[in-house]
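Asker: Provided herewith is a single structure, encoded as structure tokens, for subsequent inquiry.
The values are calculated or read from the model by the stated rules, or taken from the named source; none is laboratory data. Fair warning: this is a prediction, and the values are worked out from it, not measured in the lab. Methodologically, a virtual Cβ is constructed for each residue, glycine included, from the backbone with ideal geometry; neighbour enumeration extends over all protein chains shown.
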Amino acid sequence: MPGPDLAARCDAEPKALRRSDFRVLRALPTRWSDDDTYGHVNNVVHYLMFDTAVNGWLIEAGGTDIRTLPAIGLVVETGCRYLAELRFPETVTAGIGLEKVGSSSVVYRLALFGEHAEEPAAVGRFVHVYVDRGTRRPVPVPDEVRAALSLLG
């Protein structure tokens with residue numbers, strides 16, 4: 001079971017992380033277009049994978065389509081440390097962990113694992129701030145999202 005020091009481990013010793021350090025794992029197939037001219041998944045795709053993993057999981061775990069909520073989660077910060085290459089046609093496993101839940105924000109800790117790799121290819125940080133759909137002013141994290149987040153511990 002993941003410990004409370006996930007954020008510290010992601011920062012201090014990211015190569016020591018394993019799939020078992022994350023409560024949620026999501027499979028993400030790579031696409032032909034994900035590889036760049038250097039023969040590996042382009043760095044921008046890592047951010048797409050983080051976004052896809054978190055939002056896909058929120059929809060499934062929360063039992064509601066987050067796109068229909070009156071509050072929306074805007075990404076206000078992301079970060080990624082690249083540790084190894086990913087390549088098409090791998091299926092990548094995204095690990096999702098929780099660093100912090102505030103009144104209107106959520107900080108996720110993430111990792112991407114290659115298909116047969118024990119060490120992460122990348123570790124990341126992803127911050128959502130919830131805002132009113134119309135006014136774009138911060139609002140509390142929706143109850144549906146908080147319910148899903150409770151599964152992350």
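Asker: Name the single residue that is surrounded by the most Cβ atoms within 10 Å (Cβ to Cβ) among those in the stretch 119-153 being touching a helix residue (DSSP H, G or I) at 6+ places or on another chain (Cβ under 8 Å) and in a strand (DSSP E or B).
Answerer: Once the filter is applied, the top-ranked residue is P120.
Asker: Still on this structure, I have one more. Determine whether the stretch 35-47 contains at least one residue that is touching a residue at least 60 places away in the same chain (Cβ under 8 Å), part of a strand (DSSP E or B) and among the hydrophobic types (A, V, I, L, M, F, W, C).
Answerer: No: zero hits.
Asker: Moving on to the next point. How about the stretch 96-105: which of its residues are surrounded by fewer than 16 Cβ atoms within 10 Å (Cβ to Cβ) and part of a loop (DSSP other than H, G, I, E, B)?
Answerer: Listed by number, the residues that qualify are G102, S103.
Asker: Is the stretch 9-30 home to any residue that is touching an Asp or Glu at 6+ places or on another chain (Cβ under 9 Å), under 19 Å from V101 (Cα atoms) and modelled with pLDDT under 95?
Answerer: yes
Asker: Please name all residue pairs, on different chains or six or more residues apart, with Cβ atoms under 6 Å, provided the first residue is in the stretch 119-148 and is farther than 23 Å from G95 by Cα and the second residue is hydroxyl-bearing (S, T, Y) and in a strand (DSSP E or B).
Answerer: V139/Y130
Asker: Take the residues in the stretch 53-65 that are over 16 Å from V106 (Cα atoms) and either touching an Asp or Glu at 6+ places or on another chain (Cβ under 6 Å) or part of a helix (DSSP H, G or I) (or both); name whichever of them is modelled with the highest pLDDT.
Answerer: Step by step, filter the stretch 53-65, then rank; the result is E60.
Asker: Is it fair to say R87 is touching a residue at least 12 places away in the same chain (Cβ under 8 Å) and within 28 Å of V145 (Cβ to Cβ)?
Answerer: Judged against the criteria, R87 is not a match.
To keep it simple, each residue is scored yes or no on (1) surrounded by 14 or more Cβ atoms within 10 Å (Cβ to Cβ); (2) modelled with pLDDT under 95; (3) within 20 Å of D35 (Cα to Cα).
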| site | (1), (2), (3) |
| --- | --- |
| R67 | no, yes, no |
| E85 | yes, no, yes |
| A94 | yes, no, yes |
| V107 | yes, no, no |
